[in-house]
Amino acid sequence: MKKEFLLINALIFILAVSYAQTNVKLRILHKSGNQDFKLGEVVVTPDGYNFKFTRLQYYISGITLIHDKGLESKAQDVYILEDASLRQTHDLGVHNVEYIEGIRFHIGVDNGPNPNPNDPSTNTTNHADPALWPSDHALSLKSPAMHWGWASGYRFVCMEGFSGPSTNLSCEMHALGDKNYNEVNLLAGAVNNGGEMVIEINADYLQSLNNVDMATGFYLHSQNGKAATFLNNFKTSVFTPFMDPIKNTTSVGQVSGHDYRMSLYPNPSKGNVLLNFNPMHQKVYNLVIFDLKGDKIREYQSIEKGNLVIQELPLGIYSVSLFENDEIIENKKIVISR
């Protein structure tokens, strides 16, 4: 009995470690209002100006994940160069996360502690030499350039395009400055995609031009005036969550249109496990149980609203996967002890 007890506790420990270690990623969904963002497309700013983007790139750094009832995990040494013309998914590292509640990040490049602008040899990230970074790093030398010398540092956001009734007035905004290193704070959930958590957030770039006078063309490399307003808009108005936080302890499925509630009780169990399932839509749901080797142990097809008793599973740890139309939308672990 003692050996069996120790075995169960060891298995539970393995389960806890394997379940908690999760690869977390970030994906930004580029928008112009309610439409997908496109370079070269004429759009109307919040102030009524016609505008055509030809370039939009910006840095994200200082990323913190909020998860599991307010815990915080930093994405260490992660720097992202986001390009609004591309669909990118960025790796934020492996974290002990069960469910995501929010994310904080900064627009721009951090300057670290105690910078000394009079001595470039002691300067930290924003004022360091970009040539020191590997060529594939976000902070390395880029073309077109994202750095404006060690004194000024990195361009936090580069926006270029044309304004005016005929969109023929050239506009170039390269906004920067340590004082404009602003934090964005969002409540946001994550899509569970094949064991990875992907945080998706919307970015409406029309909002970045709010209260930015576009009546005439301009050429700005600055940390003041329009540039400061522009960067503050990134802080307050550009980003919104694609989906609300989900607490997977009760499995409220709101992932990419999947709406359901699912619970498993008791867990761990000394015998039967009761599945309570409450789908919000008429779709085909299957439940599949796998062992730790990945072998299919049992399958329940076309499960419906209500209770399902999972019976007579041998001692062990199992993965319970919920499928909607052959797509895994939920994965939970159960432990059977005696």
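If the requirement is being closer than 28 Å to Val198 by Cα, surrounded by 14 or more Cβ atoms within 10 Å (Cβ to Cβ) and at pLDDT 85 or above, which of these qualifies: Ile334, Ile328, Ile317, Ile310?
On inspection, the qualifying residue turns out to be Ile334.
Are any residues in the stretch 273-301 hydrophobic (A, V, I, L, M, F, W, C) and modelled with pLDDT under 85, and if so, which ones?
Met280, Leu292
When the residues of the stretch 128-182 are filtered to those that are over 26 Å from the mean Cα position of the chain (by Cα) and aromatic (Phe, Trp, Tyr), which remaining residue is farthest from Asp83 (Cα to Cα)?
Checked the stretch 128-182; the qualifying residue farthest from Asp83 (Cα to Cα) is Trp150.
Among the residues of the stretch 275-324, what is the count of those that are within 13 Å of Ile336 (Cβ to Cβ) and not small (Gly, Ala, Ser)?
Matching residues across the stretch 275-324 total 14.
Identify all residues within the stretch 35-59 that are in a loop (DSSP other than H, G, I, E, B), under 13 Å from Asn168 (Cα atoms) and among the aliphatic types (A, V, I, L, M); write none if there are none.
Within the stretch 35-59, no residue meets the criteria.
When the residues of the stretch 109-127 are filtered to those that are modelled with pLDDT of 90 or more and crowded, with 19+ Cβ neighbours inside 10 Å, which remaining residue is nearest to the chain's Cα centre (by Cα)?
It comes out as Val109.
State whether the residues of the stretch 92-108 include one that is modelled with pLDDT under 95, touching a Gly at 6+ places or on another chain (Cβ under 6 Å) and within 30 Å of Asn331 (Cα to Cα).
yes
Could you please find all residues in the stretch 62-83 being in a strand (DSSP E or B), under 22 Å from Ala145 (Cβ atoms) and in contact with a Ser or Thr (Cβ under 8 Å, 6 or more places away or on another chain)?
Residue satisfying the conditions is Ile80 alone.
List pairs: first in the stretch 149-165 and at negative phi and crowded, with 18+ Cβ neighbours inside 10 Å, second among the aromatic types (Phe, Trp, Tyr) and assigned to a helix (DSSP H, G or I), Cβ under 8 Å, 6+ apart or cross-chain?
Val157/Phe230; Val157/Phe234; Met159/Phe230
Give the residues of the stretch 187-229 that are surrounded by 18 or more Cβ atoms within 10 Å (Cβ to Cβ), more than 30 Å from Ala151 (Cβ to Cβ) and in contact with a Pro (Cβ under 9 Å, 6 or more places away or on another chain), sorted by residue number.
Passing the criteria: Ala188, Gly189, Ala190, Ile199, Glu200, Ile201, Leu206, Gln207.
Taking the options Glu160, Glu196, name whichever one is of a type in the set (Asp, Glu), in contact with a strand residue (DSSP E or B) (Cβ under 9 Å, 6 or more places away or on another chain) and closer than 20 Å to Gly102 by Cα.
On inspection, the qualifying residue turns out to be Glu196.
Name the strands (runs of 3 or more DSSP E) wholly within the stretch 263-325 that hold at least 3 residues that are more than 31 Å from the chain's Cα centre (by Cα)?
296-300, 306-310
Restrict the check to the stretch 169-176 and report whether at least one residue is modelled with pLDDT under 95 and within 24 Å of Lys31 (Cα to Cα).
Checked against the condition, which is being modelled with pLDDT under 95 and within 24 Å of Lys31 (Cα to Cα), the stretch 169-176 yields no hits at all.
Do the conditions hold for Ala145, that is, is it surrounded by fewer than 19 Cβ atoms within 10 Å (Cβ to Cβ) and modelled with pLDDT under 95?
Judged against the criteria, Ala145 is not a match.
If you check Met159, Met146, which single one turns out to be under 21 Å from Phe239 (Cα atoms) and aliphatic (A, V, I, L, M)?
Of the residues listed, the single one that is under 21 Å from Phe239 (Cα atoms) and aliphatic (A, V, I, L, M) is Met159.
Pairs needed: first member in the stretch 209-222, more than 15 Å from Gly164 (Cα to Cα); second member anywhere, of a type outside the set (Lys, Arg) and in a helix (DSSP H, G or I); C-beta distance under 7 Å; at least 6 residues apart or different chains.
Asn210/Asn233; Asn210/Ser237; Asn211/Thr229; Leu220/Ala227
So that you can scan it fast, the table gives a plain yes or no per residue for (1) touching a strand residue (DSSP E or B) at 6+ places or on another chain (Cβ under 6 Å); (2) closer than 23 Å to Asn180 by Cβ; (3) at pLDDT below 90:
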position	(1), (2), (3)
Val212	no, yes, no
Phe218	yes, yes, no
Asn232	no, yes, no
Asn267	yes, no, yes
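The values are calculated or read from the model by the stated rules, or taken from the named source; none is laboratory data. Since we're looking at a predicted model, the values are computed, not measured. No Cβ is skipped: glycine too gets one built from the backbone with ideal geometry, and neighbour counts run over all protein chains shown.
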